[in-house]
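Read through the structure below, which is laid out as structure tokens, and then see the notes.
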Amino acid sequence: MERVIIDSDWGGDVLQLASVLLSRPSEYEILGATVVFGNASLEQNLENAGAILKFLGVDDRVARFRGAAAPSGCEAPPEGDDAHGRTGLGEVVLPLSEASVDSRDAVDFLIEAIEREAAGSVCLIATGPQTNVAQAIRRAPEVMKRLKEIRIMGGCVRPLDGYRVNDDLERTSQESILRRGNITEWAEFNFQQAAEDAATVLDSGIPVVLFPMDCTHQLMFTPAREAKILERLCGVREKAIQLIGLLRAPEAIDQAKFALNSVMHDVNTTVSMVRPELYEGIRGTVSVGTVGRAIGESRFEEVDSGAHWVAKRILDPDAVFEELLRSLRTLLLQ
């Protein structure tokens, strides 16, 4: 059985990725849920994590740990873009968990859990700002090198067609531009929010499996996929409606900047564990800009011996969505 820790800013994207593993209890054990700032504040994300785990029926079995409220060395997080609304869950309100947050700090838990388990047996999934992970690496680099790998959603290694918008998400021109990011024109949100922390993780020598947004943009929540949720989860219609709200949360920003339906980013980190044949990638080295205009900007160098495997293509997006839907049915209809 593979041991997994999920470190994220716990919104609707994380509900998706977690369900893929939680629906396979004989194959994967979730050791804990570490929480970081990001799409919403740390305290909001802690509430979200409990609510999401409750929604999936496991909040009494998966402990939550309070992590960083801001990037390393900062007192407050940088300005976000409210892609998932102020709460990180769009307009959806989920019942809160009655389970308490664990008293241990997220970094302490990461180090203790990874040191306790056999070397190479723990996979860390990190799909928010990389601050918790970076702080654990700085404090205990040899312990963190016991990880099997870190699976990250972050960055953008190939430019994408998009549009320039103002603060109200209005396009300033109908002429398309090449974007290398979603929060800014050159930076993806997770890397931009804590660029130096992302650089620490990528430079650590720990094997990284990276899903940049130029890959994840190949999986969208379309009207046809919405209809499938309503059809296949008709027995839990209220939860199906909530799921649709979570999946559609980033629709406005994705439409404005990229003319796309809501993009499904984080779920690729776990579907690729159970169905690796659905993805194509390349090995190399990814770096992150940390100063000036380049903060959060990703750069990629193809190197056969590189520590980073970077996903380039989702070979069958429909099959990826089917894996997610199968996982949700298993958890919600049991």
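Would you mind ranking Cys215, Cys234, Cys74 so that the residue whose beta carbon has the fewest other beta carbons within 10 Å leads the list? Before the final figure, lay out the partial values.
Details: Cys215 25, Cys234 10, Cys74 15.
Result, fewest neighbours first: Cys234, Cys74, Cys215.
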Would you mind ranking Ser23, Ser305, Ser287 by Cβ crowding within 10 Å, fewest neighbours first? Ser305, Ser287, Ser23
³J(HN,Hα) across the range 170-177 via Karplus (A = 6.51, B = -1.76, C = 1.60, θ = phi - 60°), whole Hz, x for Gly/Pro? 9, 5, 7, 7, 8, 7, 6, 10
According to a simple spin-label model (label point 7 Å from Cα along Cα-to-Cβ), what is the distance in nm between Asp168 and Val236? 4.1
Can you tell which of Val291, Val271, Val35 shows the greatest fluctuation in a Gaussian network model of the chain with Cα springs below 10 Å? Val291
Under 17 Å from the Cα of Lys239 - aspartates and glutamates, other chains or at least 8 residues apart: Asp13, Asp59, Glu91, Glu226, Glu231
Simple label model, 7 Å out from Cα along Cβ direction - Arg139 to Ser103, nm: 1.7
Pull up the DSSP beta bridges for the range 2-332 and report the antiparallel fraction as a percent, rounded to 5. 40
Total charge dipole magnitude, the range 14-78, about the Cα centre, Cβ charges on Lys, Arg, Asp, Glu only, Debye to nearest 20: 80
Under the 7 Å Cα-to-Cβ spin-label approximation, Ile282 and Glu322 lie apart by a distance in nanometres of 2.9
Shape call, the range 74-145: gyration tensor on alpha carbons, a/c limit 1.5: prolate
As a quick test, which of the pairs Lys54/Lys145; Lys145/Lys312; Lys257/Lys312 have an alpha carbon distance above 27 angstrom in this structure? Lys54/Lys145
So what's the Cα pair-distance distribution over the chain, bin width 10 Å, in %? 6, 28, 38, 23, 5, 0
Taking only Cα atoms and a 10 Å spring cutoff, compute GNM fluctuations for the chain and point out the largest among Val93, Val263, Val20. Val93
Could you pull out every residue, at least 5 positions away or on a different chain, whose amide H is within less than 5 Å of the one on Gly85? Hs are placed 1.01 Å off N in the peptide plane, and Pro or chain starts have none. Gly90
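Based solely on its DSSP helices, what 222 nm [θ] is calculated for the chain when runs of n ≥ 4 H residues each add -39,500 (n - 2.57) and the sum is averaged over all residues, nearest 500 deg cm²/dmol? Walk me through the intermediate numbers first.
Details: 13 runs with 119 residues, N = 334.
Rounded to the nearest 500, the figure is -10000 deg cm²/dmol.
Every number in this text was worked out from the coordinates using simple rules, so none of it is lab data. In this text the structure is predicted, and so the values were computed from the model without any measurement. As a convention, Cβ positions derive from the backbone with ideal geometry for all residues, glycine included, and neighbour counts pool all protein chains shown.
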